[in-house]
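Trainee: Sharing a structure here in structure tokens format.
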Amino acid sequence: MGSAIQDTKKDKAFKALVLLFLTAALLIVLYPLIYIISASISNPSAVNTGEMWLFPKEITLEGYKLIFQNDDIWRGYLNTILYTVLGTVINLGVTIPAAYALSRKDLAGRNLLMGMFVLTMFFSGGLIPTYLVVKSLGLIDTIWAMVLPNAAAVWNIVIARVFFQTSIPKGLEEAAIIDGASNFKLFTKIILPLSAPIIAVMALFYGVGHWNSYFNALIYLSDKEMYPLQLVLREILVLQEMASQNTNMTGSMAEAMHSKQQLAAIVKYGVMIVSSLPVIIVYPFLQRYFVKGVLIGSLKG
Amino acid sequence: MGTANSPLREEEMQAYPVEGEAFSKSNKINKPKKHRKNRKILQNWQLYIFVLPAFLYFFIFHYIPMYGVQIAFKNFIPTLGIWGSEWVGFEHFTRFFESYYFWDLIKNTLGISIYELIVGFPLPIILALALNEAKDGLYKRTVQTVTYAPHFISVVVMAGMIIAFLSPATGIINHAIQLLGFEPIAFLSDPAWFKTVYVLSGVWQSTGWGTIIYLAALSSVDPQHHEAAIVDGASRFQRIWHINIPAIVPTMIILLIMNVGNIMAMGFEKILLLQNPLNLESSNVIATFVYQAGLLDAQYSFAAAVGLFNAVINAILLVTVNQIARKTSETSLW
């Protein structure tokens, strides 16, 4: 912007300041990420003493070996994949048709329905009444507790609705209806094939949400066999660590690892990487979709 | 949100393509319209089936819990059910207000949120303004990709990072502190540090992602404004101050309202993970208290009352801030 006219001295200084600020932001965010990667493959004692502070020292894969031998982590991984896939499929099945129908101007009562959905963004029954509903439906300790209480998010319905309002040519719908196509046919044959971008954005938003969530599992699941990855991580990263820093809070993981105290340090960094891996791999390629989702949302907000 | 009028009018116009606007406005209730409307509903019955799953979801998991809030005024006993339990009026509320921890909870809840708002709100704006000044290219894209990334880290991993980095014996931050010649700090067992740890880790995680919405607002600034200002001899800083910042003020106000509306409901999932008996004095907030009292101690009615109190304060704040914004500027949520 504005290179048509030579920058003054003051402007040059200002530009340098901006660059400095951006570089600082970059380094502050980047450093912990690099540190985690380096720590996960370094000699544990070098990590614990602070000798390793940027690049890996005395590279070892012992930490990862231990992680891959851990049944809890494997089971958590598989559970999380199951919850994420099933949950996202349900999310899409609820969100996309509803958002499409609500985008149609000829749907009587659509403002009322939309209002009813949006209201839940600002008012809710709260934690306890919601828990009691889930409990009385008999969902506790079932896979359904992981996918039904968050079967849709208002904000995502809003985003998908804006997409349908702005990206589907109205003429197409009218032509199909004049040709005698039913709404089902119109939706499956014409609308869905045009909706790939919004389906991708929604799948990413919901998918990452399922992958990263722990709280629903914490309150709705007591069976350890069903724990998702994030709850297993909570034992390794939070409970065990608090236990060693404070006093008598011990999990099974904590005890098993106390004998290998040294290694425990790099195992922690390793599980951070292993658990975030799918998101880390996917993110750079799909960044623009995530950003697009936020932007569509902001149009309405 | 806030688009109450215009779509309705469009609908009416669609129903009367020939007669025109004047006619449809003057005859609000007449036979042909009712007839048409019924036919429209019949014709579009399949669309209602599209909405049905979402409707059921919101009804079951959001509206039934709203009905269930009444247990805050009852002595809820699971075997008697919500309806069968006995009314006790404001008993649970009074017990909460008179408890010795009431003011601590309020102080911590407001303290953490306001601290977060003051530190966390301006930073994405500054970063977005800086990014907007940088030339498009590899470096700018790198800064964006990297600063967005922490948004995707789960709360549990984030808490794990905080605990590992801040560990008094082995954490990298305490190694750095010792290197500078100071004593290591037990950040997570010292109540005085809890709020700062919570807020700064939040800044690290969400500042980058928070710029997206501002960058979008900035990209809609008409380049002609800048060209005219350059001709008039405005410096870069002056152009940011007088052109870019006014362009993002509406976005700022909306986000500020939403943030204040969430002031009593901050990221309690992270607080819950970082909480321990030693820092409880400054980390116990209303939301974690509701979890503790309701789900761990099974005092359903009492916890629901505390939760309802929290929600009511929240709603009052939201409405108040929205009113203020509407009076003082053109922008508001509704």
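Trainee: Answer yes or no: is there a residue in region B:269-284 that is part of a helix (DSSP H, G or I), β-branched (Val, Ile, Thr) and within 11 Å of another protein chain (Cβ to nearest Cβ). Spell out the reasoning first.
Mentor: Within region B:269-284, the subset part of a helix (DSSP H, G or I) is B:269-274, B:280-283.
Checking which are β-branched (Val, Ile, Thr) leaves us with B:271.
Imposing the further condition that a residue be within 11 Å of another protein chain (Cβ to nearest Cβ) reduces the set to none.
The answer is no; no qualifying residue exists.
Trainee: So A:Met242 ticks every box in (1) within 21 Å of B:Lys270 (Cα to Cα); (2) modelled with pLDDT under 95; (3) more than 9 Å from chain B (Cβ to nearest Cβ) but one. Which box is left unticked?
Mentor: The failed condition is (3).
Trainee: Further question: Yes or no: B:Ala149 out of contact with any Lys or Arg (no Cβ under 9 Å at 6 or more places or on another chain), crowded, with 17+ Cβ neighbours inside 10 Å and of a type in the set (Gly, Ala, Ser)? Break it down stepwise before answering.
Mentor: Numbers: out of contact with any Lys or Arg (no Cβ under 9 Å at 6 or more places or on another chain): yes; crowded, with 17+ Cβ neighbours inside 10 Å: yes; of a type in the set (Gly, Ala, Ser): yes.
Answer is yes for this residue.
Trainee: Tell me, yes or no, whether region B:139-153 has at least one residue that is in the same structural domain as B:Tyr115 (by TED's automatic domain parsing) and not in a helix (DSSP H, G or I). Full working, then the answer.
Mentor: To start, the set of residues in region B:139-153 that are in the same structural domain as B:Tyr115 (by TED's automatic domain parsing) comprises B:139-153.
Filter once more, so that each one left must be not in a helix (DSSP H, G or I): B:153.
Checking region B:139-153: at least one residue is in the same structural domain as B:Tyr115 (by TED's automatic domain parsing) and not in a helix (DSSP H, G or I).
Trainee: Which one of A:Leu112, A:Leu107, A:Leu102 is at pLDDT below 90, within 30 Å of B:Trp45 (Cβ to Cβ) and in the same structural domain as A:Gly209 (by TED's automatic domain parsing)? So that I can check it myself, show each step before the final result.
Mentor: Numbers: A:Leu112 fails: at pLDDT below 90; A:Leu102 fails: at pLDDT below 90.
Result: A:Leu107 is the single residue among A:Leu112, A:Leu107, A:Leu102 that is at pLDDT below 90, within 30 Å of B:Trp45 (Cβ to Cβ) and in the same structural domain as A:Gly209 (by TED's automatic domain parsing).
Trainee: Then there is this: Return the pairs, sorted by first residue and then second, in which the second residue is modelled with pLDDT under 90 and aromatic (Phe, Trp, Tyr), the first residue lies in region B:312-328 and is within 14 Å of B:Met252 (Cα to Cα) and assigned by TED's automatic domain parsing to the domain that holds B:Ile106, the beta carbons are less than 8 Å apart, and the residues are 6+ apart or on different chains.
Mentor: Matching pairs, first to second residue: B:Asn322/B:Trp334.
Trainee: Now for a different question. Looking at (1) within 10 Å of chain A (Cβ to nearest Cβ); (2) closer than 26 Å to A:Leu295 by Cα; (3) at pLDDT 90 or above, which is the one condition that is false for B:Ala216?
Mentor: That leaves (3) as the condition not met.
Trainee: Restrict the check to region B:105-125 and report whether at least one residue is without any contact (Cβ under 8 Å) to a residue 60 or more places away in the chain, surrounded by 14 or more Cβ atoms within 10 Å (Cβ to Cβ) and in the same structural domain as B:Trp241 (by TED's automatic domain parsing).
Mentor: Taking region B:105-125 and keeping what is without any contact (Cβ under 8 Å) to a residue 60 or more places away in the chain, we get B:107, B:118, B:122.
Keeping just the survivors that are surrounded by 14 or more Cβ atoms within 10 Å (Cβ to Cβ) gives none.
No, there is no match, as no residue in region B:105-125 is without any contact (Cβ under 8 Å) to a residue 60 or more places away in the chain, surrounded by 14 or more Cβ atoms within 10 Å (Cβ to Cβ) and in the same structural domain as B:Trp241 (by TED's automatic domain parsing).
Trainee: Show the residue pairs that are 6+ apart or on different chains and have beta-carbon atoms under 7 Å apart, the first residue being within region B:216-232 and of a type in the set (Val, Ile, Thr), the second being in a helix (DSSP H, G or I).
Mentor: B:Val221/B:Ile243; B:Val221/B:Asn244; B:Val221/B:Ala247
Trainee: A follow-up question, please. Tell me whether region B:56-68 contains one or more residues that are farther than 26 Å from A:Val147 by Cβ and in contact (Cβ under 8 Å) with a residue 12 or more places away in the chain.
Mentor: Residues of region B:56-68 farther than 26 Å from A:Val147 by Cβ: none.
No: zero hits.
Trainee: Additional query: Quick one: which of B:Phe96, B:Phe102, B:Phe152, B:Phe90 is without any contact (Cβ under 8 Å) to a residue 60 or more places away in the chain, out of contact with any His (no Cβ under 9 Å at 6 or more places or on another chain), of a type in the set (Phe, Trp, Tyr) and within 14 Å of another protein chain (Cβ to nearest Cβ)?
Mentor: Values: B:Phe96 fails: without any contact (Cβ under 8 Å) to a residue 60 or more places away in the chain; B:Phe102 fails: within 14 Å of another protein chain (Cβ to nearest Cβ); B:Phe90 fails: within 14 Å of another protein chain (Cβ to nearest Cβ).
One residue alone meets the criteria, B:Phe152.
Trainee: Here is a follow-up. Consider region B:126-138. How many of its residues are facing another protein chain (nearest Cβ under 7 Å) and in a loop (DSSP other than H, G, I, E, B)?
Mentor: 1
Trainee: Please verify whether region B:227-239 includes one or more residues that are among the aromatic types (Phe, Trp, Tyr) and facing another protein chain (nearest Cβ under 10 Å).
Mentor: Initially, region B:227-239 is screened for residues among the aromatic types (Phe, Trp, Tyr), giving B:237.
Adding the requirement that they be facing another protein chain (nearest Cβ under 10 Å) leaves B:237.
Yes, because at least one residue in region B:227-239 is among the aromatic types (Phe, Trp, Tyr) and facing another protein chain (nearest Cβ under 10 Å).
Table: residues versus (1) within 12 Å of another protein chain (Cβ to nearest Cβ); (2) part of a helix (DSSP H, G or I); (3) over 30 Å from B:Ile82 (Cα atoms); (4) over 22 Å from the mean Cα position of the chain (by Cα).
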position	(1), (2), (3), (4)
A:Leu119	yes, yes, no, yes
A:Val133	yes, yes, no, yes
A:Trp155	yes, yes, yes, no
A:Ile159	no, yes, yes, no
A:Gly171	no, yes, yes, yes
A:Ala175	no, yes, yes, yes
A:Ala200	no, yes, yes, no
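The values are calculated or read from the model by the stated rules, or taken from the named source; none is laboratory data. Note that this is a predicted model, so its numbers are computed, not measured. Reconstructed Cβ throughout: ideal geometry from the backbone, glycine too, with neighbour counts over all protein chains shown.
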